[in-house]
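Chemist: Pasting a structure here, questions to come.
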Amino acid sequence: MTFGEQPAYLRVAGDLRKKIVDGQLPPHTRLPSQARIRQEYGVSDTVALEARKVLMAEGLVEGRSGSGTYVRERPVPRRIARSGYRPTGGATPFRQEQADGEGCGTWESGSEQSEASVAIAERLGIEPGERVMCTRYLYREGGEAMMLSTSWEPLAVTGRTPVMLPEEGPLGGMGVVERMRAIDVIVDNVTEEVGARPGLAEELLVLGGVPGHVVLVIQRTFYASGRAVETADVVVPADRYRVAYHLPVK
């Protein structure tokens, strides 16, 4: 078999990947054995093994103890719609994240006071070590874990107020904009930066991914007159979801 100039293991992985994508190796099919790959492509055991590792790292195949390596079911990506914050209406945070209203979701959350790390302090414009309220969310759609979110709010803003705990009190679950308005803090801007990275082991354990899977990370910050009043990291499995933005034209 004639290939280009790529390293041998990438060329083999690329050919197997094409067969998976084209359906020649459908989901739940056993991947050719290491010996079969070596024979078919005329490569060494090392090259065959590295090619299989590439496909596993890409999430295309999975190993089954005592059975072999099999093609994984490829999920059809679903959309998470985002349209910034809603200044009125009292929508919950999850409904703000799913602005198109197509999803039917639930969430779990927990809050605790902590000290701002250097990175979080920089995002909030405060000194490292200042007290913040850290809230962690796990969002589910149809019972399936779909998204993790961790938010931080400066207690210098919300401490000793009725909205100190984002999910408790008279405005619990109402979202950052509504809660801040209740203490006369008017949110007038929100920024989001989207990046990608390999998922952390603890993230993938909750979200149902495998080691090496990529996650999208949305870094969101709410501002009131230039002052950051909340920042959050939203983590989404990149193989199962796409983030769609709906931006108003002014």
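Chemist: Measure off 7 Å from each Cα along the Cα-to-Cβ vector at Arg136 and Gln219, then give the distance between these two points in nanometres to one decimal.
Modeler: 2.1 nm
Chemist: Pop the C-beta distance of Glu127 and Val194 into the FRET formula with R0 = 45 Å and round what comes out to the nearest 0.05.
Modeler: Values: r = 28 Å, r/R0 = 0.62.
The formula returns an efficiency of 0.95 here.
Chemist: Given that just one value was derived from the coordinates, which of (1) 37; (2) 21; (3) 14 is percent of Cα pairs over 32 Å apart?
Modeler: (1)
Chemist: Do you know the relative contact order of the stretch 78-245, to the nearest whole percent, from alpha carbon pairs under 8 angstrom that are 6+ apart?
Modeler: On the way: 349 pairs, mean separation 39.4, N = 168.
It comes to 23 percent, rounded to a whole number.
Chemist: Here's something else I'd like to know. Could you give the angle, 0 to 90 degrees to the nearest 10, between helix 8-22's Cα long axis and the longest principal axis of the Cα atoms of the chain?
Modeler: Its long axis makes an angle of about 70 degrees.
Chemist: Say we join alpha carbon atoms closer than 10 Å with springs in a Gaussian network model of the chain; which of Arg36, Arg136, Arg52 then has the biggest fluctuation?
Modeler: Arg36
Chemist: Could you state the angle between the C-alpha long axis of helix 45-57 and the longest principal axis of the C-alpha atoms of the chain, as a value from 0 to 90 degrees rounded to the nearest 10?
Modeler: The angle comes out near 30 degrees.
Chemist: From the Cα gyration tensor of the stretch 193-250, with a ≥ b ≥ c the square roots of its eigenvalues, which class applies: rounded if a/c is under 1.5, or else prolate if a/b is larger than b/c, or else oblate? Please list the in-between numbers first.
Modeler: Details: a/c = 3.51, a/b = 1.79, b/c = 1.96.
In terms of gyration-tensor shape, oblate.
Chemist: Output ³J(HN,Hα) for the stretch 164-173: one whole-Hz value per residue in order, computed from phi by the Karplus curve 6.51 cos²θ - 1.76 cosθ + 1.60 with θ = phi - 60°, and x for Gly and Pro.
Modeler: Those phi angles translate into 4, 9, x, 10, 10, x, x, 10, x, x Hz.
Chemist: Nearest 5 percent is fine: what portion of the DSSP beta bridges confined to the chain is antiparallel? Walk me through the numbers on the way to the answer.
Modeler: On the way: 51 of 56 bridges.
DSSP beta bridges in the chain are roughly 90 percent antiparallel.
Chemist: Moving to a separate point now. Excluding ligands and nucleic acids, what accessible area in Å² is computed for Ser117 using a 1.4 Å probe, to the nearest 10?
Modeler: Counting only protein heavy atoms, the figure is 60 Å².
Chemist: For the stretch 127-168, list residues with backbone N below 15 Å from a point placed 7 Å from the Cα of Glu115 toward its Cβ?
Modeler: Only 127-133 pass the distance filter.
Chemist: Here's something else I'd like to know. Taking only Cα atoms and a 10 Å spring cutoff, compute GNM fluctuations for the chain and point out the largest among Glu168, Glu141, Glu202.
Modeler: Judging by the Gaussian network model, the answer is Glu202.
Chemist: Something else about it: For the stretch 229-250 and the stretch 144-222, what is the separation of their Cα centres, given in Å?
Modeler: The stretch 229-250 and the stretch 144-222 have Cα centres separated by 11 Å.
Chemist: In deg cm²/dmol, rounded to 500, what helix-only [θ] at 222 nm does the chain give when every DSSP H run of at least 4 residues adds -39500 (n - 2.57) and the total is split over its residues?
Modeler: Details: 8 runs with 66 residues, N = 250.
Calculated from helices alone, the mean residue ellipticity at 222 nm is -7000 deg cm²/dmol.
Chemist: Can you give me the long-range amide H partners of Gly209? Hydrogens built in the peptide plane at 1.01 Å from N, cutoff under 5 Å, separation of 5 or more residues or another chain.
Modeler: Here nothing satisfies the definition.
The values are calculated or read from the model by the stated rules, or taken from the named source; none is laboratory data. Just so it is clear, the model here is predicted, and its values are computed rather than measured. Cβ coordinates were reconstructed from backbone atoms using ideal geometry, including for glycine residues, and neighbour counts include every protein chain displayed. The accessibility values were calculated without ligands, DNA or RNA, using every heavy atom of the protein model including side chains. Shrake-Rupley method; radii C 1.70, N 1.55, O 1.52, S 1.80 Å.
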